[in-house]
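Below you'll find the structure, written out as structure tokens, and then a few comments.
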């Protein structure tokens with residue numbers, strides 16, 4: 001069944017402001033990426049050639065659109081919607097020719113809308129080959145890194161996170177573009193986002209408990225505290 005080129009291909013679910021995502025290969029690493037993305041409100045297309053892997057990832061979150069697809073088949077990937085998303089994570093480890101082919105297809109096929117390809121490598125040679133066919137970033141994965149990568153994709157300005165309990169965290173982020181050249185008083189983040197600003201300023205020169213008159217600058221840091229829901233509601237672009 002052909003998909004629309006003008007809509008998010010699998011229906012009405014809204015995407016996050018940080019874009020739309022596909023994960024090709026849903027083993028331990030790929031499923032961890034899917035898990036973290038969906039926990040942060042992202043729309044995810046999961047692709048694998050193995051039905052059992054697809055059934056397993058569907059149990060993580062029923063909202064994940066999981067499809068059995070041959071990732072080395074350009075038309076199959078196109079029909080599944082993998083060329084319509086902003087970011088593709090090629091999480092396949094073996095065989096390496098499959099990961100290289102999938103990377104090449106989503107990056108360079110005619111009409112692809114993919115802006116970023118992040119690929120998994122299993123060796124230095126694999127890394128070099130992935131870079132040569134156009135991967136924008138190559139990672140050596142583990143399950144923990146899968147969760148971290150998923151979080152980075154939906155929160156690209158997040159630098160560090162310290163969990164205080166199951167609900168609340170402290171985060172160090174780059175000042176989002178929407179906050180640049182605005183004062184803390186103007187932003188009133190306690191009221192508008194239900195978070196507390198603990199520190200702000202240039203890296204290594206943070207002002208703790210900054211005054212309301214503090215002006216946020218591009219490239220500077222913010223240290224904020226709040227619930228996961230509140231922190232995830234901050235603008236995600238630096």
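Could you say whether any residue in segment 39-49 is assigned by TED's automatic domain parsing to the domain that holds residue 95, closer than 21 Å to residue 98 by Cα and part of a loop (DSSP other than H, G, I, E, B)?
yes
Can we say residue 83 is at pLDDT 95 or above and over 16 Å from residue 32 (Cβ atoms)?
yes
Just give me the residues in segment 203-217 being surrounded by fewer than 16 Cβ atoms within 10 Å (Cβ to Cβ) and modelled with pLDDT under 90, in sequence order.
Answer for segment 203-217, where residues must be surrounded by fewer than 16 Cβ atoms within 10 Å (Cβ to Cβ) and modelled with pLDDT under 90: 203, 204, 205, 207, 208, 209.
Looking only at segment 142-168, which residues are under 22 Å from residue 198 (Cα atoms), at pLDDT below 70 and in a loop (DSSP other than H, G, I, E, B)?
Within segment 142-168, 155, 156, 157 qualify.
Please go through (1) closer than 27 Å to residue 40 by Cα; (2) touching a residue at least 24 places away in the same chain (Cβ under 8 Å) for residue 203 and return the number of the only condition it doesn't satisfy.
(2)
Residue under question is residue 171, and the condition is that it be under 21 Å from residue 43 (Cα atoms) and either assigned to a loop (DSSP other than H, G, I, E, B) or modelled with pLDDT under 85 (or both); does it hold?
No: the conditions fail for residue 171.
So, in segment 79-97, exactly how many residues are buried (at least 17 other Cβ atoms within 10 Å of the Cβ), outside any loop (DSSP other than H, G, I, E, B) and in contact (Cβ under 8 Å) with a residue 60 or more places away in the chain?
5
Can you spot a residue in segment 113-131 that is in a loop (DSSP other than H, G, I, E, B), under 15 Å from residue 21 (Cβ atoms) and out of contact with any strand residue (DSSP E or B) (no Cβ under 9 Å at 6 or more places or on another chain)?
Yes, the conditions are met somewhere in segment 113-131.
The values are calculated or read from the model by the stated rules, or taken from the named source; none is laboratory data. What you see is a predicted model, and the numbers here were worked out from it, not measured in a lab. Cβ coordinates were reconstructed from backbone atoms using ideal geometry, including for glycine residues, and neighbour counts include every protein chain displayed.
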